[in-house]
Amino acid sequence: MASAAAVRPIFPSAVTTIMPALQMRNGVVVDSGPLLALFDRDDAHHARVRQALKRNQGLHLLTTWPVLTETSALLSSRYNASIQRRAQWRQ
């Protein structure tokens, strides 16, 4: 069995890039759910996420590019659905 010292990361540059962020004591990794709730006032969890962030001021939200891409796409679809509902209501 290989010792821990002999194990090398597959992507060493990625590991060294992300390590400072992971070492932050006041950081939390977030997925798209809390981000959607934060940016969408109509989301059922919007108030809870805002309250959590107010209680934990100085907290750094850490995420990935794929999560930001997903969040953008979902916000866009929610916005478009909202516009369509309003247009139908006015007719």
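Bear in mind that the values in this text are calculations on the coordinates, not laboratory data. All figures in this text were calculated on a predicted structure; none of them were measured in a lab. Ideal geometry is used to build each Cβ from the backbone, glycine not excepted, and the neighbour counts take in all protein chains shown.
Take the residues of region 26-71 that are in contact with a Ser or Thr (Cβ under 8 Å, 6 or more places away or on another chain) and among the charged types (D, E, K, R): which is nearest to residue 82 (Cα to Cα)?
It comes out as 42.
Can you pull out the residues in region 57-91 that are outside any helix (DSSP H, G or I) and touching a residue at least 24 places away in the same chain (Cβ under 8 Å)? Walk me through how you get there before you give the answer.
Looking only at region 57-91, we keep the residues that are outside any helix (DSSP H, G or I), and these are 57-64, 91.
Of everything in region 57-91, those that are outside any helix (DSSP H, G or I) and touching a residue at least 24 places away in the same chain (Cβ under 8 Å) turn out to be 58, 59, 60, 61, 62, 63.
Going through region 53-91 one residue at a time, which ones are touching a strand residue (DSSP E or B) at 6+ places or on another chain (Cβ under 7 Å) and more than 14 Å from residue 33 (Cα to Cα)?
Within region 53-91, 59, 60 qualify.
Of the numbered conditions (1) loosely packed, with under 11 Cβ neighbours inside 10 Å; (2) assigned to a helix (DSSP H, G or I), residue 48 satisfies every one except a single condition; which is it?
With respect to (1) loosely packed, with under 11 Cβ neighbours inside 10 Å; (2) assigned to a helix (DSSP H, G or I), residue 48 is out only on (1).
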